[in-house]
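**Student:** Below are the structure tokens for one structure; questions will follow.
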Amino acid sequence: MTDSTTVPAASASAPAPVPAQAAAPPGAPHPATLPIVLVGVFLSGLDFFIVNVAVPAIRLDLHATDAQIQLVVAAYALAYGVGLITGGRLGDLYGRRRVLALGMTLFTAASAAAGAAPTAELLIAGRVLQGAAAALMAPQVIGIITTSYQGQARTRALSWYAAAAGIAAVFGQLIGGVLIRTDVLGLGWRACFLVNLPIGLAAAVAAARLLPESKAPGRSRPDLLGLLLATAALTAVCLPLIEGRERGWPLWTWLLLAAGPPLLAAFAVQQRRLARTGGSPSLDLSLFRERAFTAGLAAQLIFWASMASYFLVFALYLQQGRHLAPISSGLVFSVLGVGYVAASATARHLAARIGRHAITAGCALRAAGLLLELWAVADTATSLWWLVPGLLLDGCGMGLSFAPLTATVLARVPAASAGSAGGVLTTGLQVGNALGVALIGLVFYRVLADTPGLDAVPAAFRACLLYVLAATALLALVVQALPGRKAAGR
């Protein structure tokens, strides 16, 4: 079963921002601005993970096939991933508040459709609509934070962004397990979707009434050809990564992967030509000339190539290797969450002192936690309590590694491009998620097939921990390319 996630965040160590090309809304933002936008982060991240817990009940209730169950998970991830650049650009053109409120409304309606679906086919359609609506919401959150807050206030806002997204990712299984176990109003698995209704509706109304409006200057028209090329390129990259392993890597997956780079190149050429002729490109390619943006984007991709895939195989280990119920598995995940939230809350203060080395310290903490987890799962007779120290360190390492990245990536992004930059950033996360799930799936199922007996799942999980360790080491190397504190001060 494929899966992915989303979580961005912030730091005070980022380089000083250049003057915005589009003025931020005058005066201090409304006190409700941050809570409203965090709802968008939380809901879009939660719906990646919560559905995994509901899969057995969905299969039984809707008589779904294996292929249909796979699409229930993958349809959301694909629609979300390929729509982010488009969503970001729409916010730049038509107003980030307006597009966020629209995305929240559509997400609420799609959640209602998914929760009421009488057949697997209609549930899959609802998941596609949920993903498309999430792609409208997510880039606006970063854009609104970037244009509404300045200096330390922006750093704090992005830190809360990190915490909210991390809570959604880490606690998603626990929340889903509780909803199914308590059988709220007799809804069963449907509660995992219908729980979005009161939250999403209230947030959509509040967003339309209270949030500041911001958009790129001028009256630019949408770049339909560019958006079409970007969507085709991202589909060619993401679809095979999401679907390939479970379908046995048929020929079409390799053909699509081969088509991805030429489509991305065509998109870049078309964007440059449009910029030269005075048009309004979907993506400001000058963003990639900034070291903080390119190195930070690469670091984000590496981080998520290990994070979402780790969550997936850890859940498989707990439920198939240790035979835990979904709610018990969620409780184990909550140990990671405690570490993540605690580290996210303090990361900006540490980053203000030591800059990018805070991320390196997070990588070191995470590596120590993963090594402790490797020791704890070496023997299937070992109590799960021995996982607790490793999980706490691992969660702290995640929070400390990830929290400073987003502010570094966005530090020099002009306000006029905030939505597009948010779309690119979140797209990188989704590509990292899909790539990581594809790679770790190869490791997990190869070892699973080669290991006989009861030790098969634990052995496969141990091999995956080594993969995550390698990705963490690579992340520690890549973040050395981020601007240091001296660069930040210039």
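Rule-based calculations on the coordinates, nothing more; no lab input. As the structure is a computational prediction, the values presented were derived from the model and not from experiment. Here Cβ is always computed from backbone atoms with ideal geometry, including for glycine, and neighbour counts include all displayed protein chains.
**Student:** Under 8 Å for C-alpha pairs, at least 6 residues apart: give me the relative contact order for the range 83-206, rounded to a whole percent.
**Tutor:** 35
**Student:** While we're looking at this one, here's another question. To one decimal place, what orientation-averaged projected area in nm² is obtained for the convex hull of the Cα set of the range 321-441?
**Tutor:** Value for the range 321-441: 9.1 nm².
**Student:** Per DSSP H run of n ≥ 4, the term is -39500 (n - 2.57); total these for the chain, divide by its residue number, and report the mean residue ellipticity at 222 nm rounded to 500 deg cm²/dmol.
**Tutor:** Rounded to the nearest 500, it is -26000 deg cm²/dmol.
**Student:** Per 0.36 nm of contour for each residue apart, how much would the distance between PHE288 and GLU213 grow if the chain were fully extended, relative to their Cα-Cα spacing?
**Tutor:** Net length gain for the segment: 24.4 nm.
**Student:** Let me ask another. Starting from the Kirkwood Rh over alpha-carbon pairs, what translational D in µm² s⁻¹ does the range 223-281 have by Stokes-Einstein at 37 °C and 0.692 mPa s?
**Tutor:** 269
**Student:** Next question. Quick one: pull the percentage of alpha-carbon pairs in the range 150-299 with a separation above 28 Å.
**Tutor:** 52
**Student:** After finding the eigenvalues of the alpha carbon gyration tensor for the range 175-216, what semi-axes result from the square roots of 5 times each, listed largest first in whole Å?
**Tutor:** Its equivalent ellipsoid spans semi-axes of 32, 10, 7 Å.
**Student:** For the residue pair THR182 and TRP375, what label-to-label distance in nm results when each label sits 7 Å from Cα along the Cα-to-beta-carbon direction?
**Tutor:** Once both label points are built, they end up 3.8 nm from each other.
**Student:** What are the principal axis extents of the Cα atoms in the chain, in Å, biggest first?
**Tutor:** Principal-axis extents of the Cα atoms in the chain, largest first: 64, 51, 46 Å.
**Student:** Modelling each spin label as a point 7 Å along the Cα-to-Cβ direction, I'd like the ARG276/ILE354 distance in nm, to one decimal.
**Tutor:** About 4.7 nm, to one decimal.
**Student:** Follow-up. For the range 182-257 and the range 434-453, write down the distance between their C-alpha centroids in whole Å.
**Tutor:** Computed from Cα coordinates, the inter-centre distance equals 27 Å.
**Student:** Another question, if that's okay. Nothing charged except the Cβ atoms of Lys and Arg (+1) and of Asp and Glu (-1): what's the magnitude of the dipole of the range 223-281 about its Cα centre? Round to the nearest 20 debye.
**Tutor:** So the magnitude is around 220 debye.
**Student:** What does the extension gain come out to for ARG247 and THR382, with contour length at 0.36 nm per residue minus their alpha carbon separation?
**Tutor:** 45.1 nm
**Student:** Below 8 Å between Cα atoms, with a sequence gap of 6+, how large is the relative contact order for the chain in percent?
**Tutor:** 29
**Student:** Let me ask something else about it. With labels modelled as points extended 7 Å from the Cα through the Cβ direction, what inter-label distance (nm, one decimal) is found for ALA449 paired with HIS63?
**Tutor:** Rounded to a tenth, the inter-label distance reads 3.2 nm.
**Student:** Can you give the Rg/Rh ratio of the range 65-172, where Rg is from the C-alpha atoms and Rh is the Kirkwood radius?
**Tutor:** Rg/Rh for the range 65-172 comes to 1.04.
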